[in-house]
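Participant: What follows is a structure written as structure tokens; I'll ask about it next.
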Amino acid sequence: MIIAIDGPSASGKTTTAKGVSKRLGFTHLDTGAMYRAVTLGITQSNIRLSDYNMINDYLNCMEINFDINNQVWLNGEDVSNSIRTVDISSKVSLVSAIPAVRKKMVEVQRFIAGDNDCVLEGRDIGTVVFPNAEYKFFLVADINVRAKRRLAELKDSDKTITLDEIITNISDRDELDSSRHHSPLQRAKDAILIDTSHITIDKQIDKIVEIVNQK
């Protein structure tokens, strides 16, 4: 069984997906972390985003996986913290828009999911990666609420970032993700919409688990 949870940045996808997977005993796959890891790798390798040959070479040699604690590893290194910086957040949509990157990530995501019961969250899970997923949800939230959530996440790693900077970053990401030609951020026609602006994480998890258990 595949449960797809899509939505824009900081809408609560990852925390909700973790909670749902734990409640149901399913595997959780954080596809957003995978795109961040690729972005980190390309950035550290000093590859220009216009150099598609170098990007393809990098993708062919790249190895991404998750450990038992769901920490993301890139080429043998735990990058779980490194991928959450504002710098990577500002670049990930540009990298994600590259067709070769999306093609590679879809292949990896489908391989990891395999024959497992799995909860996946991202921006194109219900539309591209698993269009036939048994359950699809699309999370949204007010941009100010989303920015405050992201600020809370970054308070320990970056004390200089401001709320206004995060709002700008999220707004830019929304525009890039929604307007890209390949696999844009959009709600699948059969996805259930959940506004997370004013409900707790537990309520979000309860709602999804209740829907899955009803069927």
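The values are calculated or read from the model by the stated rules, or taken from the named source; none is laboratory data. Just so you know, these numbers come straight off a predicted model, no measurement behind them. As a convention, Cβ positions derive from the backbone with ideal geometry for all residues, glycine included, and neighbour counts pool all protein chains shown.
Participant: Looking at the range 87-125, which of the residues that are of a type in the set (A, V, I, L, M, F, W, C) and under 30 Å from Thr160 (Cα atoms) is surrounded by the fewest Cβ atoms within 10 Å (Cβ to Cβ)?
Facilitator: Checked the range 87-125; the qualifying residue surrounded by the fewest Cβ atoms within 10 Å (Cβ to Cβ) is Leu94.
Participant: Find the residue count for the range 44-60, including only residues that are more than 15 Å from Arg102 (Cα to Cα) and either crowded, with 17+ Cβ neighbours inside 10 Å or within 11 Å of the chain's Cα centre (by Cα) (or both).
Facilitator: 1
Participant: Restricting to the range 179-215, name every residue that is surrounded by 13 or more Cβ atoms within 10 Å (Cβ to Cβ), touching a residue at least 24 places away in the same chain (Cβ under 8 Å) and in a helix (DSSP H, G or I).
Facilitator: Ile201, Gln204, Ile205, Ile208, Val209, Ile211, Val212
Participant: Kindly list, by first and then second residue, each pair from a residue in the range 155-170 that is under 23 Å from Val140 (Cα atoms) to a residue that is outside any helix (DSSP H, G or I) and not acidic (Asp, Glu), limited to pairs with Cβ atoms under 8 Å and residues at least 6 apart or on different chains.
Facilitator: Between residues of the range 155-170 that are under 23 Å from Val140 (Cα atoms) and residues that are outside any helix (DSSP H, G or I) and not acidic (Asp, Glu), the close pairs are Ile170/Pro8; Ile170/Ser9; Ile170/Ala10.
Participant: A follow-up question, please. Residues that are in contact with a helix residue (DSSP H, G or I) (Cβ under 6 Å, 6 or more places away or on another chain), surrounded by 20 or more Cβ atoms within 10 Å (Cβ to Cβ), among the β-branched types (Val, Ile, Thr) and without any contact (Cβ under 8 Å) to a residue 60 or more places away in the chain: does the range 28-41 have at least one?
Facilitator: Yes: the range 28-41 contains one or more residues that are in contact with a helix residue (DSSP H, G or I) (Cβ under 6 Å, 6 or more places away or on another chain), surrounded by 20 or more Cβ atoms within 10 Å (Cβ to Cβ), among the β-branched types (Val, Ile, Thr) and without any contact (Cβ under 8 Å) to a residue 60 or more places away in the chain.
Participant: Next question, about the same structure. Kindly state which strands (runs of 3 or more DSSP E) lie completely within the range 62-144 and contain at least 1 residues that are β-branched (Val, Ile, Thr) and modelled with pLDDT of 95 or more.
Facilitator: 118-122, 135-140
Participant: Still on this structure: Considering the range 1-27 alone, what residues qualify as being of a type in the set (Lys, Arg) and over 9 Å from the mean Cα position of the chain (by Cα)?
Facilitator: Lys18, Lys22, Arg23, listed by residue number.
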